[in-house]
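The block underneath contains the structure these notes are about, expressed in structure tokens.
The values are calculated or read from the model by the stated rules, or taken from the named source; none is laboratory data. All values derive from a computational prediction rather than experimental measurement. Cβ: placed from backbone, ideal geometry, glycine included. Neighbour counts: every protein chain shown. The protein model used for the area step is the full one, side chains on, heavy atoms only, and it has no ligands, DNA or RNA in it. Shrake-Rupley method; radii C 1.70, N 1.55, O 1.52, S 1.80 Å.
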Amino acid sequence: MARFDDSRPEMTAEEFRLLRDHVYSHCGILVHEDMKFVMERRLWPRLEALGALDFSAYHRYLRYDANRHVELEAAVESLTTHETYFFREPSQLKAFREELFPLLEKRNARTRRLRLWSAGCSSGEEAYTLAMLLKDERRFDDWDVEVYGTDISRRVLTMARRAEYGPSALRATSADLLERFFVPVPAAPTKVRVRDDVRAMVSFGHHNLLDETGSQLVAKMDAVFCRNVMIYFDQSARRKVLRILRDRLVPGGYLLLGHSENLLNLGADFELVHLRGDLVYRRPELPGLTGGEPR
Ligand SMILES: C[S@@+](CC[C@H](N)C(=O)[O-])C[C@H]1O[C@@H](n2cnc3c(N)ncnc32)[C@H](O)[C@@H]1O
């Protein structure tokens, strides 16, 4: 196979447009004009792996090859950011725990069931963080509680299921939490594993947030965390994802976004809820319904 260390093909403006549009229509991630060189650099290994001589050939592969779905995942993988860690955005988690947990407890008192979704969960830290918060909150003992983590990247989902983490993932985790929710990994001294009882509360699945049909398979949720995912999307993709997420929430269910994200100008059908410690969004209640409605 040709090695192009010395003569790597350049990405033309037209190739950039075609590849960018292809990636965007699949997963909503918008690669900006000034990222052309980044895209070029990140996709070179893919061209090399396939023996594609230039980006036009690579684009044709993505469109027509029998293996195109696998390759599109690899392309998206090389263009996505998976940065995450346990107990990220602590003030939001505090508001969730202190102000929304009591409301959710009251709402679901009849069913004694709670479903949380970490949508765009990356390697699982956010989903496990939610499970740890629930565990710490004795009010949900004996409830049927589930946390669901989904991501478009199968690579990070494998890491999430393995549940072993190093210092970077634990940079905001206190010694106390570390002690209570993690166990050492004997074979890897710098790593710890999430305790089995926490792992048992969480399940992971592959899901593209823009996939309307696939989302119908996701159970109705009491709260969705979709943090630091839509920052990479444009308005139109955000609008679509928000419509899908809204549909997956029970009426009165909550949507929590990352700190740098909001629903301004999105016309999304959510209510803004002012908590003492944070702003969150809520799917409006059905008229006349106050809780525990069928899912
Ligand atoms: C920066 S991480 C955020 C992780 C976590 N939510 C947090 O805030 O720490 C963004 C994740 O969104 C995922 N993602 C990007 N586009 C997606 C899509 N269309 N559907 C599902 N997940 C997507 C990426 O694979 C990545 O793991």
Which one is farthest from the ligand (Cβ to nearest atom) among residues in the range 73-86 that are open to solvent by 20 Å² or more (accessible area, probe 1.4 Å) and not polar (S, T, N, Q)? Ala74
Going through the range 193-236 in order, the residues found to be within 15 Å of Ala127 (Cα to Cα), among the small types (Gly, Ala, Ser) and open to solvent by 30 Å² or more (accessible area, probe 1.4 Å) are Ala200, Ser203
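Identify all residues within the range 107-135 that are among the aliphatic types (A, V, I, L, M) and within 16 Å of the ligand (Cβ to nearest atom); write none if there are none.
Step one: filter the range 107-135 for residues among the aliphatic types (A, V, I, L, M), giving 109, 114, 116, 119, 127, 130-134.
If the condition is that a residue be among the aliphatic types (A, V, I, L, M) and within 16 Å of the ligand (Cβ to nearest atom), then Leu116, Ala119, Ala127, Leu130, Ala131, Met132, Leu133 are the ones that fit.
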Between a first residue in the range 222-244 that is modelled with pLDDT of 95 or more and a second residue that is within 7 Å of the ligand (Cβ to nearest atom) and of a type in the set (S, T, N, Q), which pairs have beta carbons less than 7 Å apart while being 6 or more apart in sequence or on different chains? Phe225/Ser118
Show the residue pairs that are 6+ apart or on different chains and have beta-carbon atoms under 8 Å apart, the first residue being within the range 44-57 and of a type in the set (A, V, I, L, M, F, W, C), the second being open to solvent by 40 Å² or more (accessible area, probe 1.4 Å). Trp44/Arg8; Leu47/Leu53; Leu47/Asp54; Leu50/Tyr61; Ala52/Arg46; Ala52/Tyr61; Leu53/Ala2; Phe55/Thr12
Which of the residues spanning the range 210-238 are aromatic (Phe, Trp, Tyr), assigned to a strand (DSSP E or B) and closer than 16 Å to Cys27 by Cα? Phe233
Quick check: anything in the range 174-186 under 23 Å from the mean Cα position of the chain (by Cα), within 15 Å of Tyr85 (Cβ to Cβ), within 16 Å of the ligand (Cβ to nearest atom) and in contact (Cβ under 8 Å) with a residue 12 or more places away in the chain? no
Is it the case that Asp234 is away from the ligand (no atom under 13 Å from the Cβ), over 15 Å from the mean Cα position of the chain (by Cα) and not small (Gly, Ala, Ser)? no
Could you check, for the range 88-105, whether at least one of its residues is at positive phi, among the charged types (D, E, K, R), surrounded by 14 or more Cβ atoms within 10 Å (Cβ to Cβ) and in contact (Cβ under 8 Å) with a residue 40 or more places away in the chain? yes
For a quick check of your reading: which helices (runs of 4 or more DSSP H) sit entirely within the range 1-106 and have at least 2 residues that are in contact with a helix residue (DSSP H, G or I) (Cβ under 9 Å, 6 or more places away or on another chain) and under 30 Å from His274 (Cα atoms)? none
So, Arg63, is that one open to solvent by 40 Å² or more (accessible area, probe 1.4 Å), on the phi > 0 side of the Ramachandran plot and more than 14 Å from the ligand (Cβ to nearest atom) or not? no
